[in-house]
Amino acid sequence: MTQPPGQKRGEGAAGPSRGSHFVFLMIALLVFVIIWSTFSGRSQLTLSYSEYLDLIEQGQIRTAVVHPDTLEVTGEFNGTERRGGGAYTSYRVRFPTSEALDRVTQKLIEEEVKVETSEPSVWTNLFSPQMLILILLVLGPLVLIFWLFSRQMQVSGQSQAFNFGKSRAQLYEGKVGVTFKDVAGVEEAKEELAEVVDFLKNPKKYTAMGAQIPKGILLVGPPGTGKTLLARAVAGEAGVPFFYISGSDFVEMFVGVGAARVRDLFDQAKKRRPCLVFIDELDAVGRRRGAGIGGGHDEREQTLNQLLVELDGFEANSGIIVLAATNRPDVLDPALLRPGRFDRRVIVDRPDIKGRIEILKIHLRDKPVGQDVDVAVLARRTPGFTGADLRNVCNEAALLAARRGKTQITMEEFDEAIDKVMAGPERKSRVITEKEKRLVAYHELGHAITAWALPHADPVHKISILPRGLAQGYTVILPEEDRYFATREEMMDRISALLGGRVAEELVFGEISTGASNDLERATEIARDMVTVYGMSDHLGPISYGKRGHEVFLGKDLVEQRNYSDQIAYLIDQEVRRIVDDCYDQAREVLKKYLPHLHFLAEVIMDREHLRREEFEAIMESFDPDNPPQYRPGGPLPIPPKGGKKKPPAPEVSPQQETKPAEGEDFVPGPAPA
């Protein structure tokens, strides 16, 4: 929560509390008592011993009162300006030693002066100047510490008791430090938001045309695509106050607190109009109403109701533009999305290849990059990566270069960083047997050769038998370009490539292992979507099976409901089984044809532990089964100059073919533990 300018935290308009006045009054009273006790006494003289004897012999002293360290005498003292004039003036004199006091007292007795003794009372000692000064020096710091402690407790109690419903929004005024130059890969979203910036800078241009700027703008997209960064860039470009708060900051365990925080947030925003209010993770507070057991009186729903009123209620909030971000627009309440509240929905999607190039340039502009680094190559190798993924790749590459003692980041570090982000860290310490290592090699090569031979499969970028993450080995299969649709033939070839690892194990070892569990799961999922979602089955026709509904108590969490009979369910299972079996047979035919290639590449990768796309394709295109090349462990690869054999046509197999729309990279993990 931000404090109003010029006002200290914990103080209201009335200024300091009464406790501070009381402490100041007590300290002033103590100082006054010390000064009064010091200077309000009778006149004090500092006389020598001989002067006292003269006064006694002259008979000017009538009475004397002996105190522990002083002598108070009363008499008629005349004749000296130092002592002043007048009769029977009393003087109280302090003696330096007790022996001097005793001699003077004895002399007074001899001159028949009335001498009395006085025992000091407790109050006399307590209110003596020395004692009061000591009390001030000892108790003064204690009183000050107690006052500071009580004031802190008072401020804390007030903040908890009275500031519980205050907004927790962070206010940025002219110090965001991010502009549209720092955002790339989302050009359409930047154009939409540039209109908001222009309105905040030149509102008269729009009001003259009778136009109204959208009250609310909802940024929708997958995690890591830069929604929060876009909101910060809008604030940096507009140069207006920017309130930032998360949706979870509104909701508390006490009913009514969230609504109070919403009211306080917009009250602060009204005082600083024009301004921007950014609510991150809106789904935390904007979930569809009626999804809880508490009915309409639970805390989250009251907070949402107050937010709806503030966005577009009876009182207009002109000059306040609300930005919100979420990656779950399907769970938001319809009343929150209607025009007048969030008028505009801006899609912040994964960047394409041009966007990835621009994002990489932004993240590499402050890093020492080697001459061999090609940003376009990195962008082609990272389809489906978000801006956060690309930032992570650049950071991992920089860490690797620093760890190796290099002064520049080379392409080698970037390649390893991409593998680390996609498949996890490399586990060099894991010790596996020679048999398992050979099994992993044939499994991964089964994926790669099947994908290389099929005409509609994506190209292989890398094969490795080094364990990464949960996989014992991995094969990276990536598309050449960004694709948003997939044909039936492409999906069928993808299933065949997934099953190629299991087929290779069966052909070479005569047995199968648990390493293909994830491959089978993904292949079955693609085949079932082909039948039930995309209508790619000739037997069941272009019909979508399975109704996607929602469970009210889960807040519109999607679940699949059957809208077909048991007979159709049986046919769906049969059709999925047929598609998977056809793809399995297709992978078997491919690997039988390229079995010599499989054995040779297995020896190569057992020695080198990984193969890149150029090396793999060169061996496959130049390999002659009748005259196989010789490979010696540790030696160079038998790769001829460019212009060797071309990729042969795939074997004729006639299954129905297809797969799920491409979501970016096609990463095929190798064997994993059972």
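All of the numbers you see were taken from the coordinates with simple rules; none came from a lab. All figures in this text were calculated on a predicted structure; none of them were measured in a lab. Note that we place each Cβ from the backbone using ideal geometry, even for glycine, and neighbour counts take in every protein chain shown.
Modelled this way, with points 7 Å down the Cα-to-C-beta line, the labels at Arg430 and Asp298 are 4.2 nm from one another. Gain on full extension, evaluated as 0.36 nm per residue between Ala569 and Ile109 minus their Cα-Cα distance, stands at 152.5 nm. In plain terms, the C-alpha convex hull of segment 463-551 casts an average shadow of 9.1 nm² when viewed from every direction. Whole-Hz Karplus values for segment 537-546 come out as 9, 5, 6, 9, x, x, 10, 8, 10, x Hz, taken residue by residue from phi with 6.51 cos²θ - 1.76 cosθ + 1.60 and θ = phi - 60°; glycine and proline positions read x.
In order along segment 451-462, the Karplus-derived 3J(HN,Hα) couplings, from 6.51 cos²θ - 1.76 cosθ + 1.60 at θ = phi - 60°, round to 5, 5, 7, 7, x, 9, 7, 6, x, 8, 9, 6 Hz, and Gly and Pro are given as x.
Using R0 = 51 Å, the C-beta based FRET efficiency linking Thr487 and Asp267 works out to 0.35.
The H on the amide N of Arg344, modeled in the peptide plane, is under 5 Å from the matching H of Gly216, Leu218, each at least 5 residues off or on a different chain. Peptide packing for 397-405, 431-439, 616-624, 275-283 was compared via the average number of neighbouring C-beta atoms within 10 Å per residue; ordered from the highest value, the list is 275-283, 616-624, 397-405, 431-439. Cα-Cα pairs above 18 Å in segment 385-502: how many percent? Value for segment 385-502: 60 percent of Cα pairs lie more than 18 Å apart.
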